[in-house]
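The values are calculated or read from the model by the stated rules, or taken from the named source; none is laboratory data. Because the structure is a prediction, the values reported are computed rather than measured. FYI the Cβ positions are ideal-geometry reconstructions off the backbone, even for glycines, and counts take in every protein chain you see. These area figures cover heavy atoms from the full protein model, side chains too; ligands, DNA and RNA do not enter into them. Shrake-Rupley method; radii C 1.70, N 1.55, O 1.52, S 1.80 Å.
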Amino acid sequence: MRRLIDLSQEIYTGMYVYPGHLKTVVFDHASHEETSERFEGGFSFQTTGLLVNDNGPTHVDSFSHLDPDPAAATIDRMPLELFYGDAICLDVSACDPRTDIEPVHLDTALEVSGLELRRGDILLLYTATHDRYHGTREYLTRFPGLGAAASQWLVDKGVKTFGVDSPTPDNPASKSYPCHMMCRAHHITHYENLANLGQVVGRRFTFVGFPLRIRGGHGGPTRAVALLEE
Ligand SMILES: [Zn+2]
């Protein structure tokens, strides 16, 4: 038995995005009523227009987003292998908002899960931020983030790619963003604004999170999914 869990947030006008990013606008572009005049025999269609930041909704950062080196890959040039593979999800939801997640929290979460973190795994961290605050302004500020030591822990464990259910894996109270700096230095990327991680916490599964192939894009909006074997 296989079960698919949607790990993506809805995209809609007014959704909260990271401060400073282009806000999301979704609008009716063509209606059945308008398009029916173009056809005979009753056919018609409707479509939707979108204005969206490439780092706005559920997405994965490109190396070019993280690293000012002109050679850093844009989203269309990154290997698909980074966005697919064996994954586990750990529970860090007890960490206080606006504090650093430390290696001890990750070690404890791993021990409590009873799971093994293998080199090359994708690691998702359940902060519960989306569950608690989605659709409210608190979503942008009320979550913990990986400090420098916990960011190094990801490197040491050989994590391939990681992700969080909050707007950034960094502590929102931080001005230096050590987690993003680790990602820049090591070219390890991450997902932001995931959802429903509570449904996969403490589980091993296959993660599928292919970004849109935006030419020269600095991030890729993603329909992220967990494939659970039961
Ligand atoms: Zn990021």
- What number goes with the only condition from (1) within 16 Å of the ligand (Cβ to nearest atom); (2) surrounded by fewer than 19 Cβ atoms within 10 Å (Cβ to Cβ); (3) closer than 23 Å to HIS186 by Cα that PHE83 does not pass? (2)
- Item | Condition check for LEU106: in contact (Cβ under 8 Å) with a residue 60 or more places away in the chain, more than 16 Å from the ligand (Cβ to nearest atom), outside any strand (DSSP E or B) and over 18 Å from the mean Cα position of the chain (by Cα) | no
- Restricting attention to the stretch 60-78, report how many residues are charged (D, E, K, R) and within 14 Å of the ligand (Cβ to nearest atom). 2
- Working only within the stretch 162-191, note down all residues that are within 12 Å of the ligand (Cβ to nearest atom) and in a loop (DSSP other than H, G, I, E, B). SER166, PRO167, THR168, PRO169, ASP170, TYR177, ILE188, THR189
- Residue, farthest from GLY14 (Cα to Cα), within the stretch 132-147, restricted to residues that are open to solvent by 20 Å² or more (accessible area, probe 1.4 Å), part of a helix (DSSP H, G or I) and touching a residue at least 40 places away in the same chain (Cβ under 8 Å): LEU140
- Mind checking which residues of the stretch 163-212 are within 14 Å of LEU7 (Cα to Cα), of a type in the set (Ser, Thr, Tyr) and surrounded by 19 or more Cβ atoms within 10 Å (Cβ to Cβ)? SER166, TYR191
- Exclusive hit being crowded, with 17+ Cβ neighbours inside 10 Å and among the charged types (D, E, K, R), set ASP96, ASP100, ASP76: ASP100
- Item | Residue that is farthest from ASN55 (Cα to Cα) [pool: residues in the stretch 1-12 that are of a type outside the set (Asp, Glu) and open to solvent by 80 Å² or more (accessible area, probe 1.4 Å)] | MET1
